[in-house]
Structure formats: C-alpha cells, structure tokens
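One structure is given below, encoded as structure tokens.
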Amino acid sequence: MHFARSSGILLHPTSLPGAYGSGDFGAAAYHFVNWLVSAGQKMWQILPLGGIGPGNSPYMSSSAFAGNVLLIDLDELRELGWLADGELTPSLDFQVHRIDYGVVHQYRMDKLRLAASRFFSGRQGYEEYEAFCAAEWSWLDDYSLFMALAEHHDWKDWCDWGLELARREERALSAARAELSDDVEFWRFCQWCFFRQWRKLKQYANERGVQIVGDIPIFIAYQSAEVWARQELFDLAEDYRPAVVAGVPPDFFSETGQRWGNPLYHWAAHEAEGYAWWIERIRNTIALVDIVRIDHFRGFAGYWEIPASEPTAIQGRWMPGPGDKLFHAIQNALGKLPIIAEDLGVITPDVVALREQFGLPGMRILQFAFGGGSDNSFLPHNYQRNTVVYGGTHDNDTAQGWFASATSHERAYACKYLNTDGQEIHWDLIHAASQSIADLAIHSFQDVLGLGTEHRMNLPGKSEGYWEWRYSWDQVQPDHAERLYEITAVHGRCDMGRLSF
C-alpha cells in the first residue's frame, strides 16, 4: 500500500503539557493538532494507547483492547459536573518536563474514582454509557473484572489469585462479579471516558487534515485481561505462568539482547480459530486510528523464544511465526488495511518477503545510516517509495544525542553526506528525511525542538527511568513550525501556498 507523500510528528500524548503531571486528551492535545497544521504536517504518530505496564511502558499493556485511563482529560470531567474546581488543584510534586508516574497515578486515579461516584449517583449520560458497554462487551467484561480482581489482590499476578480464579471457574467468576460490582463499573466508566474523549480528539484532527498513526505491539503483558481470559491462545505452563517469553537476541541496542518477558502465542490455537482474536485486535485498533504501525513485524515470520528461567535473551532460539496465514486471514476479514511494518532488527529474507507479499511499507532510520558505506540500506539514496523514514524512533536517542555519541566515522560520513558541519544535525536529518523518496517522513518532536539525549523517550533494555519525557509550550518557538513547514512544502509533502519566493 502506498501512502500519499506527506510527513508528520512522532509524539505520544503522555508527553504533552498539562497541569496534572502528564499529558492527556485535554486542551494541549488540541493545541498540538493546530501546531501540526501550522507546520504543514499531516500525520500525528503516537505510541500504543493501552494501559502502561512494568517500567511504565505502553508496550506492556494490561489489555490488547482497553485504553490508558491516565490519558483521560480531567478538565472535561469537571465541565460535566463530576469534579469540582477545587478538587483539581495540581500536586506540588508534579514536574513540567518529566512524569513521576507514582505521583501521577495516585492523583489521577483518585480523581477518576471521585468522578465515577458522581456519575453513577447522578446518571447523567447513563444511556450513552450503557450503549458503550453493550457495544464493547466482547473485551470490556473480561477487562473490567480483571482490573477489579487485580486491584483487590494488590496487583499480584493473576495466577496467584487462587486456583478457582486462575482456572476461571464460573462459580468463582460470578462471586467476584457480585463482590466487586462497584469496582467493575468503575473500570467500565474509565474506558467509556477514554474512548469518548479519544474519538472526539481524533475527529478534530481528521477534520483538519491530520491523520493518526497508531501503534500495535506484537505482544501483550502476562498480567493482562486477555492472557487471563484466553489462556489457550498463549504458551503457558501447567502453573499458568509462561514457560517461554518474548525478546530479541543480542543486537545494536544490547550485548545480552532484550528479554521483554511477554508470554508468547500458541500459534496453532490461533490458527484453529481462524485468527479471530487477531482479527478483532486489528479491527479494534483501526477503528481508533487511521494508520497502524505493527511493532516487531519480524516476529510474524520468526520470533525469538527465551526460556522463562533465563535472566537475559542470549539463550534463546528462533521459532517460526504464523507468516502469511495470519495476514491472509486479516485481509480476508477486514480488507486491505493501512499498515506500516516495523521491520527493524535482525531482518532475514523471509521477513522481507512477508512484508512485500502484502505491499506493506517498511521503516528506515537515518541514525542507522552512517555506520558503513554507500550501500547502507538506511541511506536515503537506497530507499524505495513504499517506505516510512524516521530520523529516529522512540527507541532511539534524539538527533543531538545520537550525534554527540556517534563514532568518528559516523559523524564524518554524516557531515559529508548531509553537507553540514553538524551544528544543527537535527534539522539536517529532518531535511534528509523530508527530501527522500520515501512516501512518509516522520520526525520526533524532540528533534524539531533540537533537544539533547536527556530528552529521549526510551532506551531499550532499561526498565526504569524512561517513557517520562514531556515538553512545555515555552520550548516551542514560532520558527519551529515555520521552518518545518518550509522544508515540508518544498519537498512536496504539503501545499506550497504559504511559501514566498
């Protein structure tokens, strides 16, 4: 699938400014959409919208379908009368440029519980809430019960809730629904608020010519509603814990590989049900975004299986994935979809063949381009049109940080290739990505702002201290949008109407 030539910005909503410790779907999100329009950008790429897991990573979600309740705009709940002005006094512990998840989680969850209690007391909008619950029951019922039980059991793994609940015996489930009915309703309320607010924000963006590029992790967390509810679809041992876990072998990011720890799929069980779970997951995601980036696409051709007892990813083995059978099933059910394949890492011919069989654009990272010679596939002159190019993704350093720590060969080659002295390497990479033949060019917001390594979003393999970055509006100057617009316009990625010659 070829996308129209355009460009956009990579920024997760948690990184937006806001008074309550982290970004959300409030006023700053709408302001950011307006900024994108002023800068000639037609794409807003985000990270997965699911609830965060260990290390606050959005790639370790507690559900393949539910949204991150920390993104709910509290001001909107106040406008609806479910919170009072004085109840939203920001905490003194909130930080402008970092998210302290411990503080933010406690604050936001307290406010959401207060809002929920008033909603259920007053029942304003209850018919809309009931309609949402009825429409989303296929995942919402399991999710809301799972979250209520997890909280009741002090967030212990579901296999430690007792054998009856681990086995999902109907008598135990019915008793839990009755005992925890208020908590179950609370988690449903939160999802209603999340989806209601997100759809309004997406509509606002779409009406202004901005498309949302979403992200779907290939794996989900063990401590998630779907692993508990659909155990037969995952590779679990007799004690209900994973026997093997996901990750990648030693690579550019880590000498010991990355041991992600997610449970692996029992692909034979997925095939036996016609990949119905995956079809619903893709259907759900594509309803929330305009384009889907599938993370770790190579895992569908072959995935790295690590014994759960191993502390690192070194002692693993490659196992065959579902290959084209999965994508044929998805395409037969949903048609040809706007999908980006994240094809980074150890890419073998079967991965390339799978991506090309379905016409999916792959990814190119400019920070990877200068370590070798002119045949490096990440150099722009080697691109194909059906490509999405990034200076760097959420897993990479910022452009300034990358250049400062790059080898002397990389710096010298980059300066010669880009015809630069490296003083504004972030703009040089943005220019090179925009100028390339790739259909889509995506720039991280940190690079537009010219920020250093302390502002990177994630460092793969590190479980603490990341996913916390935020910006403030005083960091965004008028010339950021104007300069990006000019680069975008002269390269045919947006209308040239504002340019003067």
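Some observations on this one:
- Scanning segment 109-139 for residues that are touching a residue at least 24 places away in the same chain (Cβ under 8 Å) and either touching a Ser or Thr at 6+ places or on another chain (Cβ under 8 Å) or among the polar types (S, T, N, Q) (or both), we see that the one that is farthest from residue 468 (Cα to Cα) is 124.
- Number of the condition not met by residue 343 [criteria: (1) in a loop (DSSP other than H, G, I, E, B); (2) charged (D, E, K, R); (3) free of Cβ contacts under 8 Å to residues at least 24 places away in the same chain; (4) surrounded by 13 or more Cβ atoms within 10 Å (Cβ to Cβ)]: (3)
Every residue, every condition in (1) surrounded by 15 or more Cβ atoms within 10 Å (Cβ to Cβ); (2) aromatic (Phe, Trp, Tyr); (3) touching a residue at least 60 places away in the same chain (Cβ under 8 Å), yes or no:
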position: 95; (1), (2), (3): no, no, yes
position: 141; (1), (2), (3): yes, no, no
position: 144; (1), (2), (3): yes, no, no
position: 150; (1), (2), (3): yes, no, yes
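- When residues of segment 175-186 are limited to those that are free of Cβ contacts under 8 Å to residues at least 60 places away in the same chain and either touching a Leu at 6+ places or on another chain (Cβ under 8 Å) or aromatic (Phe, Trp, Tyr) (or both), the one nearest to residue 284 (Cα to Cα): 184
- Single residue of segment 463-481 satisfying the filter (touching a helix residue (DSSP H, G or I) at 6+ places or on another chain (Cβ under 8 Å) and surrounded by fewer than 14 Cβ atoms within 10 Å (Cβ to Cβ)) that is nearest to residue 39 (Cα to Cα): 473
- Restricting segment 478-501 to residues that are in a loop (DSSP other than H, G, I, E, B) and of a type in the set (A, V, I, L, M), the residue that is nearest to residue 435 (Cα to Cα) is 496.
- Boolean, residue 271 is part of a helix (DSSP H, G or I), out of contact with any strand residue (DSSP E or B) (no Cβ under 6 Å at 6 or more places or on another chain), charged (D, E, K, R) and surrounded by 21 or more Cβ atoms within 10 Å (Cβ to Cβ): no
- Options 121, 117, 57, 91; residue that is among the hydroxyl-bearing types (Ser, Thr, Tyr) and either within 22 Å of residue 12 (Cα to Cα) or in contact with a Cys (Cβ under 7 Å, 6 or more places away or on another chain) (or both): 57
- The lone exception for residue 277 - which of (1) assigned to a loop (DSSP other than H, G, I, E, B); (2) hydrophobic (A, V, I, L, M, F, W, C); (3) surrounded by fewer than 18 Cβ atoms within 10 Å (Cβ to Cβ); (4) under 21 Å from the mean Cα position of the chain (by Cα) it fails: (1)
- Given (1) closer than 19 Å to residue 43 by Cβ; (2) out of contact with any Gly (no Cβ under 7 Å at 6 or more places or on another chain); (3) assigned to a helix (DSSP H, G or I), index of the condition residue 416 fails: (1)
- Among residues of segment 221-242 being in contact with a helix residue (DSSP H, G or I) (Cβ under 6 Å, 6 or more places away or on another chain) and among the aliphatic types (A, V, I, L, M), the one that is surrounded by the most Cβ atoms within 10 Å (Cβ to Cβ) is 225.
- Residue match in segment 371-385 (condition: modelled with pLDDT of 95 or more, buried (at least 21 other Cβ atoms within 10 Å of the Cβ) and of a type in the set (A, V, I, L, M)): no
- Of the residues examined, residue 31 is not one that is assigned to a loop (DSSP other than H, G, I, E, B) and surrounded by fewer than 17 Cβ atoms within 10 Å (Cβ to Cβ).
- Test for residue 441: is it in contact with a Lys or Arg (Cβ under 7 Å, 6 or more places away or on another chain) and buried (at least 21 other Cβ atoms within 10 Å of the Cβ): yes
The values are calculated or read from the model by the stated rules, or taken from the named source; none is laboratory data. This one's a predicted model, so the numbers in the text were calculated from it and none came from an experiment. No Cβ is skipped: glycine too gets one built from the backbone with ideal geometry, and neighbour counts run over all protein chains shown.
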